[in-house]
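Enquirer: Submitted below is the structure of interest, expressed as structure tokens.
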Amino acid sequence: MTGLPKMQEYPTLAAIDLGSNSFHLQVARVDGAQLYYLDSHKEAVRLAGGLTEDKRLDAASQVRALNCLAKFGERLKGMPPGAVRAVGTSALRVAKNAPEFLVRAREALGFEIEIVAGREEARLIYLGVSHSLPRSEETRLVVDIGGGSTECILGVGHEPRDRESLRMGCVVFSNRFFPGGVVDKAAMKAAETAARVEIQTIAGQFQRNYWREAVGSSGTARALGDILLQNGLSDGEITLEGLIWLRDRLLKAGQAAKLSLAGLKGDRKPVLPGGLAIMYALFRELGIERMATAQGAMREGILLDLLGRVHDHDLRDVTVTQFMRRYHVDGRQSRRVTRLAGQLFQQLMPGLPDMTEDDARVLAWAARLHEVGIGIAHSGYHKHGAYILENADMPGFSKRDQTRLAALVRASRGGLDKIAFPAGFRDWPMVLCLRLAVLFKMSRRDGAAPRMALHCENGQCALHVPEDWLADNRLTRAALEQELKVWRQANAAWRLDQVTTSLPAG
């Protein structure tokens with residue numbers, strides 16, 4: 001893609017899935033376009049179980065999570081940041097104190113942690129599941145019951161078509177309807193009813209006549225399949241008859257901890273009632289009769305997505321291109337701004353040790369999308385664009401990615417003094433390069449910008465523009481004078497201090 005630097009290649013990749021029930025680490029060796037799994041680690045952290053009534057992670061769950069991440073960090077020590085991707089899901093999406101916890105979590109792990117939206121989680125799940133199954137051109141329904149959410153995906157081959165995330169999971173439902181692991185008919189009925197009400201919101205989209213095969217992934221599905229297999233009730237598939245049998249056995253036991261069955265592991269017992277109620281409701285509402293279980297899950301999807309980025313098949317590039325088409329962005333103007341912003345940023349990078357080629361890619365995406373809001377209204381289009389980028393479903397992008405893109409686009413023109421930038425905002429050099437590129441390309445003509453030099457020291461920046469060019473382009477000169485005023489009024493760690501016609505020393 002124009003303006004995008006090439007990703008570095010790595011011999012080993014690692015994925016961390018910070019699920020609401022369990023944390024998973026998967027490490028794989030890269031051989032061309034193939035992944036060979038080396039080792040994996042799993043720990044039942046029960047993060048969603050630590051959510052208080054006011055949606056805050058309690059101290060105990062945070063300690064469990066941090067201890068687990070510290071162990072993962074030991075295994076990953078020495079790996080480059082670009083080779084590791086850690087993804088948080090439902091519990092971290094809803095926890096009000098997630099930002100504070102993530103600071104400690106990143107320190108324990110030693111790598112960045114991104115939080116993804118439910119539909120992005122569903123995409124990663126489908127990617128992992130579809131690559132673990134035989135290739136098929138038939139539409140598949142993939143269901144993943146996690147600790148805090150349940151993802152439903154329809155797809156063909158490796159391409160997901162419809163994705164939805166429901167706010168119900170085995171940990172949340174077990175705590176809500178079966179406190180202390182106590183199971184009775186009234187509680188089971190209440191859990192199943194609540195699940196069926198939630199599923200009804202997507203039932204029309206995922207009903208039986210839209211797919212040929214149902215597949216379950218992750219812990220709940222595999223646990224149910226193992227129990228039914230080892231008790232002679234199926235060949236490893238989940239069946240409606242088997243779910244009814246297991247429900248009856250659980251009700252007779254009266255408590256999850258007292259249930260003793262072949263294939264039922266001890267760490268699965270506390271969340272079995274909630275997972276079973278949700279699976280039964282899915283079978284009833286979506287007309288499922290049999291469900292195969294898959295070995296692939298979200299952690300494999302994260303690795304495959306990361307492998308695609310390494311080989312320049314980054315879904316984020318595809319998403320940006322689709323957004324440009326959907327919102328009728330002028331492609332030629334987008335390329336002009338992207339090229340100039342990238343050139344200016346490359347001038348600054350030698351003096352920016354904290355900035356990487358990944359940051360250059362983010363700047364290029366923001367430049368390509370800076371006019372994404374122009375179809376709503378030309379006046380204030382940067383504000384409309386920022387809203388779109390922060391709130392739209394953007395496959396491949398984390399919530400942090402989207403917030404970052406939105407901030408850059410919002411700051412691409414207009415005043416800076418009244419913008420509420422995210423806490424710890426460090427992208428001021430990128431803001432400067434994007435604003436200057438937009439300013440110099442406002443004529444929307446090829447070759448309209450002069451050869452220029454941008455020099456910054458301790459956040460104070462000077463732009464060199466040839467005097468003869470400024471004399472011939474009085475509108476741009478006036479725009480630059482206004483730009484200097486904007487930066488003087490901004491409460492920014494960086495600022496454009498002067499426009500000069502002489503090259504800076506050195």
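The values are calculated or read from the model by the stated rules, or taken from the named source; none is laboratory data. Owing to the predicted nature of the structure, the values given are computational and were not obtained by experimental measurement. A quick note on method: Cβ atoms are made from the backbone with ideal geometry, for glycine too, and the neighbour counts reach across all protein chains shown.
Enquirer: What is the residue count in the stretch 140-154 for residues that are more than 18 Å from residue 222 (Cβ to Cβ) and either surrounded by fewer than 18 Cβ atoms within 10 Å (Cβ to Cβ) or acidic (Asp, Glu) (or both)?
Expert: Matching residues across the stretch 140-154 total 0.
Enquirer: Would you point out which residue out of 462, 437 is assigned by TED's automatic domain parsing to the domain that holds residue 494 and more than 21 Å from residue 404 (Cα to Cα)?
Expert: Every option except 462 fails the conditions.
Enquirer: Given 339, 325, 309, which one is farther than 21 Å from residue 437 by Cβ, surrounded by fewer than 19 Cβ atoms within 10 Å (Cβ to Cβ) and of a type in the set (Lys, Arg)?
Expert: 325
Enquirer: Restrict the check to the stretch 131-139 and report whether at least one residue is buried (at least 19 other Cβ atoms within 10 Å of the Cβ) and not in a loop (DSSP other than H, G, I, E, B).
Expert: No, the conditions are met nowhere in the stretch 131-139.
Enquirer: Which ones in the stretch 218-237 are in contact with a Phe, Trp or Tyr (Cβ under 9 Å, 6 or more places away or on another chain) and closer than 20 Å to residue 286 by Cα?
Expert: Residues satisfying the conditions do not exist here.
Enquirer: If you take the residues of the stretch 210-235 that are among the β-branched types (Val, Ile, Thr) and closer than 18 Å to residue 151 by Cβ, which of them is surrounded by the fewest Cβ atoms within 10 Å (Cβ to Cβ)?
Expert: Out of the qualifying residues, it is 215.
Enquirer: Just the residues that are at pLDDT below 90, of a type in the set (Gly, Ala, Ser) and closer than 18 Å to residue 489 by Cα, please, taken from the stretch 407-427.
Expert: 420
Table: residues versus (1) within 30 Å of residue 204 (Cα to Cα); (2) modelled with pLDDT under 90.
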{"position": "245", "(1), (2)": "yes, no"}
{"position": "254", "(1), (2)": "no, no"}
{"position": "270", "(1), (2)": "no, no"}
{"position": "298", "(1), (2)": "yes, no"}
{"position": "306", "(1), (2)": "no, yes"}
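Enquirer: Moving on to the next point. Going by the structure shown, is residue 85 buried (at least 16 other Cβ atoms within 10 Å of the Cβ), charged (D, E, K, R), touching a Leu at 6+ places or on another chain (Cβ under 7 Å) and closer than 22 Å to residue 132 by Cβ?
Expert: Spelling it out, residue 85 is indeed buried (at least 16 other Cβ atoms within 10 Å of the Cβ), charged (D, E, K, R), touching a Leu at 6+ places or on another chain (Cβ under 7 Å) and closer than 22 Å to residue 132 by Cβ.
Enquirer: Filter the stretch 311-328 for residues that are in contact with a Gly (Cβ under 8 Å, 6 or more places away or on another chain) and of a type in the set (A, V, I, L, M); which is farthest from residue 81 (Cα to Cα)?
Expert: 324
Enquirer: Restricted to the stretch 236-293, and to residues that are under 31 Å from the mean Cα position of the chain (by Cα), part of a loop (DSSP other than H, G, I, E, B) and in contact (Cβ under 8 Å) with a residue 60 or more places away in the chain, which residue is surrounded by the most Cβ atoms within 10 Å (Cβ to Cβ)?
Expert: 288
Enquirer: Sort out which residues of the stretch 257-268 are within 22 Å of residue 146 (Cβ to Cβ) and either out of contact with any helix residue (DSSP H, G or I) (no Cβ under 6 Å at 6 or more places or on another chain) or modelled with pLDDT of 95 or more (or both), and write them in order of number.
Expert: Once the filter is applied, which keeps residues that are within 22 Å of residue 146 (Cβ to Cβ) and either out of contact with any helix residue (DSSP H, G or I) (no Cβ under 6 Å at 6 or more places or on another chain) or modelled with pLDDT of 95 or more (or both), the stretch 257-268 yields 265, 266, 267.
Enquirer: Filter the stretch 477-497 for residues that are under 17 Å from residue 437 (Cα atoms), at pLDDT 90 or above and not hydrophobic (A, V, I, L, M, F, W, C) and give the result.
Expert: Within the stretch 477-497, 477, 481, 482, 483 qualify.
Enquirer: Here's another thing I want to ask about it. Just to be sure I understand the filter: pairs with C-beta atoms under 8 Å, separated by 6 or more residues or on different chains, first member in the stretch 389-404 and part of a loop (DSSP other than H, G, I, E, B), second member of a type in the set (Gly, Ala, Ser). Which pairs pass?
Expert: Pairs found: 393/117.
So that you can scan it fast, the table gives a plain yes or no per residue for (1) of a type outside the set (A, V, I, L, M, F, W, C); (2) part of a loop (DSSP other than H, G, I, E, B):
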site	(1), (2)
63	no, no
74	yes, no
85	yes, no
93	yes, no
96	yes, yes
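Enquirer: Considering only the stretch 447-455, I want to know if a residue exists there that is modelled with pLDDT under 95, of a type outside the set (A, V, I, L, M, F, W, C) and under 21 Å from the mean Cα position of the chain (by Cα).
Expert: No, that holds for no residue.
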